[in-house]
Amino acid sequence: MTRVLAIGIYADIDHTALVEEEGAAMLATLDDLAGMPQADRDRIEAVAYRGHAPFGPDQMALLPRLRVIANNGVGYDAIDVAAATERGIVVTNTPGVLNDDVADLAVAMLVAQSRDFERGMRAVRDGSWAQTGELPLARKLSGRTVGILGMGRIGREIADRLVAFKCRIHYQSRTPKDTPAGWTYHADPVDLARGVDDLVVSVVGGPATEGMVSARVLDALGPDGVLVNISRGSVVDEAALIEALEQGRIRGAALDVFRNEPDVDPRLARLPNLLPLPHVGSATVETRAAMGALQRRNLRAMLEGHAPETPVNDPAAVVRQAAGG
Ligand code: 8YV
């Protein structure tokens, strides 16, 4: 039995590489872990993880020799990093390689929602254009003031793209960032929403940002505003968003992420002023190949006793923790 376990559903290119290059055993879901023979689980030192099911102390306890969880994705909110650190387990993720894809999608969703692509596509496809004639006018995006909630690597790529659309940039983050002259910083999400026309959510998912886009943020954005979310469904108070969309308290939303994916709340999914996508932010051949390669490099580095490229927790501190330091 191998010392590498890959958990999750992988594209063929990654599945093949994990099995043939890393010698990994494959497990479809984290739930299947308990069903593995204990002798096999006792040999696992490295997990290549792809998924959003919680990877916490109970799962880690099933793998007593685990030293690294190499996540396939930049978002690691499914992994209890504190618990991993406590157990001497290094966690890695795949930042950077997906910035362009996710930023491209965020801007594309804002354009598509602002210009009502879905209504136009439906009118051509169902033939109603011939009957109804010209569609209702949509709204211009260029020149609007757009707020970026979370000015990390992806948020910065989104903002840089929107500058090319002649948009004025406002942003919120825990502290001001080194940004071009003229970008406006807000410490508070409500203050940001109040100061912009449209709002793009690009904060990291997890307990610290749970429900950050609240009813107050939505009301501050207002009836002419569009909300875009490409981060995590947990960041948005989804019940408040449904109500705001139903009552027209915001103009529309474009979501690539949802609570309880892939089972989207039907009240939300059917709203005419929602543009929904099925968590495809990084879903291109090029980017998923780059994510998988980075995940495997991180995993291999740890197994060979080297520092991983993109650790989430500090490997040196984790090793000291493991040594009882
Ligand atoms: C992936 C993502 O869909 O990177 C992330 O955090 O959410 C997406 O890129 C997911 O991680 C599975 O690879």
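Assorted remarks:
- Cα gyration tensor shape for the stretch 136-217, rounded if a/c is under 1.5, else prolate or oblate: oblate
- Extending 7 Å from Cα along the Cβ direction at Val163 and again at Gln247 yields two label points whose distance is 3.8 nm.
- Estimated vicinal HN-Hα couplings, Hz - the stretch 210-225 in sequence order (Karplus 6.51, -1.76, 1.60; Gly, Pro = x): 4, x, 4, 7, 8, 4, 5, 5, 4, 5, 5, 5, x, x, 9, x
- Candidates Ala215, Gly205, Leu192 compared by Cα position along the dipole of the stretch 99-276: farthest toward the positive end lies Leu192, with charges placed on Cβ.
- Residue separation of Ala289 and Thr184 scaled by 0.36 nm, minus their Cα-Cα distance, works out to 34.2 nm of gained length.
- Here the accessible area of the stretch 117-188 is 55 percent carbon and sulfur, with a 1.4 angstrom probe and all protein chains present.
- Among Glu246, Glu45, Glu134, residue whose mean-square fluctuation peaks in a GNM of the chain (springs only between Cα atoms under 10 Å): Glu134
- For the chain, a Gaussian network of Cα nodes joined below 10 Å ranks Glu243, Glu20, Glu86 by mean-square fluctuation, and the top entry is Glu20.
- Sequence-separation-based contact order of the stretch 99-276, relative, with Cα cut under 8 Å and 6+ spacing, percent: 19
- Calculated Rg and Dmax of the stretch 99-276 using C-alpha coordinates, Å: 15.9, 53
- Note on the chain: with a GNM built from Cα contacts shorter than 10 Å, the maximum mean-square fluctuation among His15, His186, His306 falls on His306.
- Here's how it looks for Thr145: its modeled amide H is under 5 Å from those of Arg168, Asp197, Asp198, which are all 5 or more places away or on a different chain.
- Förster-model FRET efficiency, 56 Å R0, Ala215 and Ile13, C-beta, rounded to 0.05: 0.85
- The relative contact order of the chain, computed from alpha carbon pairs under 8 Å that lie at least 6 residues apart in sequence, is 18 percent.
- Interatomic Cα distance distribution for the chain, bins of 10 angstrom, percent: 6, 24, 29, 22, 14, 4, 1, 0
- Amide H contacts of Ala6 (H built 1.01 Å from N, under 5 Å, at least 5 apart or other chain): Ala25, Met26, Leu27, Ala48
- Nearest-20 debye value, the stretch 99-276 charge dipole, Cβ charges on Lys, Arg, Asp, Glu: 440
- Kyte-Doolittle mean at least -1.0, axial Cα span of 15 Å or more - DSSP H helices of the chain: 99-114, 153-163, 285-303
- The helix-based estimate of mean residue ellipticity at 222 nm for the chain, built from -39,500 (n - 2.57) per DSSP H run of four or more residues and divided by its residue count, is -10000 deg cm²/dmol to the nearest 500.
- Dipole orientation for the chain: of the candidates Met121, Ser173, Gln247, Ser173 has the Cα lying most toward the positive pole (charges on Cβ; Lys, Arg +1; Asp, Glu -1).
The values are calculated or read from the model by the stated rules, or taken from the named source; none is laboratory data. All values derive from a computational prediction rather than experimental measurement. A quick note on method: Cβ atoms are made from the backbone with ideal geometry, for glycine too, and the neighbour counts reach across all protein chains shown. Remember, those area values only see protein heavy atoms, side chains included, never the ligands or the DNA or RNA. Shrake-Rupley method; radii C 1.70, N 1.55, O 1.52, S 1.80 Å.
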